[in-house]
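Peer 1: What follows is a structure written as structure tokens; I'll ask about it next.
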């Protein structure tokens, strides 16, 4: 059985302008790997309706799961929900459950806050959407088809992801093993490492140089779904590293 | 005159698996904005030849400039240069200038290092490529057509970007002005802010909540190419914030 696949859409001018450092890709990629839904692509796209609509339609046809972050707040540039309704060809309308949830939330504030038009936008969703609970700040995300729409604020996104994760049909978890060696250079090991990769096409071997003030080294990482095979491959890599006169240290460098 | 546009391709399984936090998008987006070449899209794609080839061909037709990071080292998963040769339909072959540069570099090491097959891969490029000098670790990047191929290691990528930047034909620099206010909530200001945005369609107004241990606020950012207009818009936003009883503070929050 092959694993399901995923694509992440990071929606927001602020990431493309360099104002905001994305902090969601790494979290989502890691968590998806753990539940056996490898992330195959991520795109950062602007708050432009045609771009959001066409991108959502392209990737939802291509991948098992699509996740989006950003653009579901109350302001004028929060257009993700509308665009996704358009992509699915369904009305963008008040969602009764979200509406009730948010009306109650603003009423219960001390002093009560107005559930105004801007806040009502956050309870307006594509028809047929299922809510993703938001334990941090109430305004929910939603699921429609294979598209999972989450907030862009990392703390809220992470909480939403953990809410939706139990409902995902994952595959075999992707595991990883690493070894590193100080003083080693990629150019020294590349050929031998390539030979090991060629012998184990079912394992994904990566080579990542690292740099410290007083020098550097290379970390070698094997990823795959067969734990015993990963152990064998990382042992083979360690032997190879040692054969070149370097000291293989298990794990990633500190 | 409309500004030229740019797309960034971040090439590497390590970013999609969550192993590595991308640190290049923010730098490139910021620098491109400064030289008037707004970044319109970024994609993170895996080390899979068909994906790299088809993505490069799609985006180089769509944007004025394409930048890539990652996949130009000496190891088996460094396949960016080959794939870009394939995308352009030209041979992937030893680049005489890069070859001479790197041969001399390894010969001059103390003790001399071997310019082996793996290292020779880093001097093998699409025919017709122009080099991007690498003052950090010698192995150059390259330019072919409108595609600019850089290393994935941030320190090296940044040095390469500064080497190629003077050759880019930029447009009017994108500038930004910000104001923030503690205690403010997006839901309070969204409607008024939307009205200001509607009056100034040539300015891009963004609203970004921020969170601290003891509370939070909202930062409001205006971006555009007309400095005097940005000053007027940010003054208008500040007046609006003050009219709601919050204290507008110039700039982004600390």
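Peer 1: Can you find even one residue in the stretch A:34-41 that is crowded, with 17+ Cβ neighbours inside 10 Å, within 30 Å of residue B:35 (Cβ to Cβ), touching a strand residue (DSSP E or B) at 6+ places or on another chain (Cβ under 9 Å) and not assigned by TED's automatic domain parsing to the domain that holds residue A:222?
Peer 2: Yes; the residues of the stretch A:34-41 include at least one that is crowded, with 17+ Cβ neighbours inside 10 Å, within 30 Å of residue B:35 (Cβ to Cβ), touching a strand residue (DSSP E or B) at 6+ places or on another chain (Cβ under 9 Å) and not assigned by TED's automatic domain parsing to the domain that holds residue A:222.
Peer 1: Among the candidates A:97, A:82, A:114, which residue alone is surrounded by fewer than 17 Cβ atoms within 10 Å (Cβ to Cβ) and in a helix (DSSP H, G or I)?
Peer 2: Just one listed residue meets the conditions, A:97.
Peer 1: While we're here: Against the definition (surrounded by 21 or more Cβ atoms within 10 Å (Cβ to Cβ) and closer than 19 Å to residue A:174 by Cβ), how does residue A:189 come out, yes or no?
Peer 2: On the way: surrounded by 21 or more Cβ atoms within 10 Å (Cβ to Cβ): yes; closer than 19 Å to residue A:174 by Cβ: no.
When the stated conditions are applied, residue A:189 does not pass them.
Peer 1: If I ask for residues that are in contact with a strand residue (DSSP E or B) (Cβ under 8 Å, 6 or more places away or on another chain) and either free of Cβ contacts under 8 Å to residues at least 12 places away in the same chain or not in a strand (DSSP E or B) (or both), which ones from the stretch B:124-152 would you list?
Peer 2: Those that are in contact with a strand residue (DSSP E or B) (Cβ under 8 Å, 6 or more places away or on another chain) and either free of Cβ contacts under 8 Å to residues at least 12 places away in the same chain or not in a strand (DSSP E or B) (or both): B:127, B:128, B:129, B:146, B:151, B:152.
Peer 1: Hey, does the stretch A:42-55 have a residue that's more than 27 Å from residue A:136 (Cα to Cα), within 11 Å of chain B (Cβ to nearest Cβ) and surrounded by 21 or more Cβ atoms within 10 Å (Cβ to Cβ)?
Peer 2: yes
Peer 1: Which condition number does residue A:165 fail, the rest of (1) away from chain B (no Cβ under 13 Å); (2) not in a helix (DSSP H, G or I) being met?
Peer 2: Condition (2) is where residue A:165 drops out.
Peer 1: Also, I was wondering about something else. Quick one: in the stretch A:10-33, which of the residues that are out of contact with any helix residue (DSSP H, G or I) (no Cβ under 7 Å at 6 or more places or on another chain) and more than 24 Å from residue A:75 (Cβ to Cβ) is surrounded by the most Cβ atoms within 10 Å (Cβ to Cβ)?
Peer 2: A:32
Peer 1: Same structure, new question: In this structure, does residue B:62 turn out to be within 9 Å of another protein chain (Cβ to nearest Cβ) and surrounded by fewer than 20 Cβ atoms within 10 Å (Cβ to Cβ)?
Peer 2: Criteria not met by residue B:62.
Peer 1: Checking residue B:7 against (1) closer than 30 Å to residue B:115 by Cβ; (2) within 16 Å of the chain's Cα centre (by Cα), only one condition comes out false. Which one?
Peer 2: (1)
Peer 1: Please go through (1) outside any strand (DSSP E or B); (2) away from chain A (no Cβ under 12 Å); (3) within 30 Å of residue A:179 (Cβ to Cβ) for residue B:68 and return the number of the only condition it doesn't satisfy.
Peer 2: For residue B:68, the exception is condition (1).
Peer 1: Condition test on residue A:30, is it assigned to a helix (DSSP H, G or I), in the same structural domain as residue A:127 (by TED's automatic domain parsing) and within 12 Å of the chain's Cα centre (by Cα)?
Peer 2: So residue A:30 passes the test.
Peer 1: Determine whether residue B:140 is surrounded by fewer than 15 Cβ atoms within 10 Å (Cβ to Cβ), closer than 23 Å to residue A:187 by Cβ and over 17 Å from the mean Cα position of the chain (by Cα).
Peer 2: Working: surrounded by fewer than 15 Cβ atoms within 10 Å (Cβ to Cβ): no; closer than 23 Å to residue A:187 by Cβ: yes; over 17 Å from the mean Cα position of the chain (by Cα): yes.
Answer is no for this residue.
Peer 1: While we're here: Can residue A:246 be described as within 25 Å of residue B:121 (Cα to Cα) and touching a strand residue (DSSP E or B) at 6+ places or on another chain (Cβ under 7 Å)? Working first, answer last.
Peer 2: On the way: within 25 Å of residue B:121 (Cα to Cα): yes; touching a strand residue (DSSP E or B) at 6+ places or on another chain (Cβ under 7 Å): yes.
When the stated conditions are applied, residue A:246 passes them.
Peer 1: Test of understanding: among B:56, B:51, which residue is under 25 Å from residue A:209 (Cβ atoms) and either part of a loop (DSSP other than H, G, I, E, B) or touching a helix residue (DSSP H, G or I) at 6+ places or on another chain (Cβ under 7 Å) (or both)?
Peer 2: Details: B:51 fails: either part of a loop (DSSP other than H, G, I, E, B) or touching a helix residue (DSSP H, G or I) at 6+ places or on another chain (Cβ under 7 Å) (or both).
Exactly one of B:56, B:51 is under 25 Å from residue A:209 (Cβ atoms) and either part of a loop (DSSP other than H, G, I, E, B) or touching a helix residue (DSSP H, G or I) at 6+ places or on another chain (Cβ under 7 Å) (or both), namely B:56.
Peer 1: Here's something else I'd like to know. Might you check whether a residue that is modelled with pLDDT of 95 or more, on the phi > 0 side of the Ramachandran plot and in contact with a helix residue (DSSP H, G or I) (Cβ under 8 Å, 6 or more places away or on another chain) occurs anywhere in the stretch A:181-191?
Peer 2: There is no residue in the stretch A:181-191 that is modelled with pLDDT of 95 or more, on the phi > 0 side of the Ramachandran plot and in contact with a helix residue (DSSP H, G or I) (Cβ under 8 Å, 6 or more places away or on another chain).
Peer 1: From the list B:245, B:152, which residue is at pLDDT 95 or above and assigned by TED's automatic domain parsing to the domain that holds residue B:79?
Peer 2: Numbers: B:245 fails: assigned by TED's automatic domain parsing to the domain that holds residue B:79.
Result: B:152 is the single residue among B:245, B:152 that is at pLDDT 95 or above and assigned by TED's automatic domain parsing to the domain that holds residue B:79.
Peer 1: Still on this structure, I have one more. What are the residues in the stretch B:231-254 that are part of a loop (DSSP other than H, G, I, E, B), within 15 Å of residue B:178 (Cβ to Cβ) and without any contact (Cβ under 8 Å) to a residue 24 or more places away in the chain, if any?
Peer 2: Scanning the stretch B:231-254 gives a single hit, B:254.
Peer 1: From the residues in the stretch A:192-205 that are facing chain B (nearest Cβ under 8 Å) and within 23 Å of residue B:113 (Cα to Cα), which one is surrounded by the fewest Cβ atoms within 10 Å (Cβ to Cβ)? Let's see the steps before the verdict.
Peer 2: Residues of the stretch A:192-205 facing chain B (nearest Cβ under 8 Å): A:193-194, A:197-198, A:204-205.
When the remaining residues are screened for being within 23 Å of residue B:113 (Cα to Cα), the result is A:193-194.
On the way: A:193: 24, A:194: 19.
Among those that are facing chain B (nearest Cβ under 8 Å) and within 23 Å of residue B:113 (Cα to Cα), it is A:194.
Peer 1: Within the stretch A:100-111, restricting attention to residues that are within 14 Å of another protein chain (Cβ to nearest Cβ) and part of a loop (DSSP other than H, G, I, E, B), which residue is farthest from residue A:86 (Cα to Cα)?
Peer 2: Per the criteria, the residue is A:111.
Peer 1: If you don't mind, another one. If we only count strands (runs of 3 or more DSSP E) wholly inside the stretch B:168-225, which ones have 2 or more residues that are without any contact (Cβ under 8 Å) to a residue 12 or more places away in the chain and within 26 Å of residue B:37 (Cβ to Cβ)? It would help to see each step written out before you state the result.
Peer 2: Values: elements: B:175-182, B:204-212, B:215-224.
The strands (runs of 3 or more DSSP E) meeting that bar number zero.
Peer 1: (1) surrounded by fewer than 24 Cβ atoms within 10 Å (Cβ to Cβ); (2) in contact with a helix residue (DSSP H, G or I) (Cβ under 7 Å, 6 or more places away or on another chain); (3) within 11 Å of chain A (Cβ to nearest Cβ): which one isn't true of residue B:87, the others all being true?
Peer 2: Tallying (1) surrounded by fewer than 24 Cβ atoms within 10 Å (Cβ to Cβ); (2) in contact with a helix residue (DSSP H, G or I) (Cβ under 7 Å, 6 or more places away or on another chain); (3) within 11 Å of chain A (Cβ to nearest Cβ), residue B:87 fails exactly one: (3).
The values are calculated or read from the model by the stated rules, or taken from the named source; none is laboratory data. On a predicted model such as this, the values are computed, not experimentally measured, just so you know. When we count neighbours, we look across all protein chains shown, and the Cβ atoms used for this are built from the backbone with ideal geometry, even at glycine.
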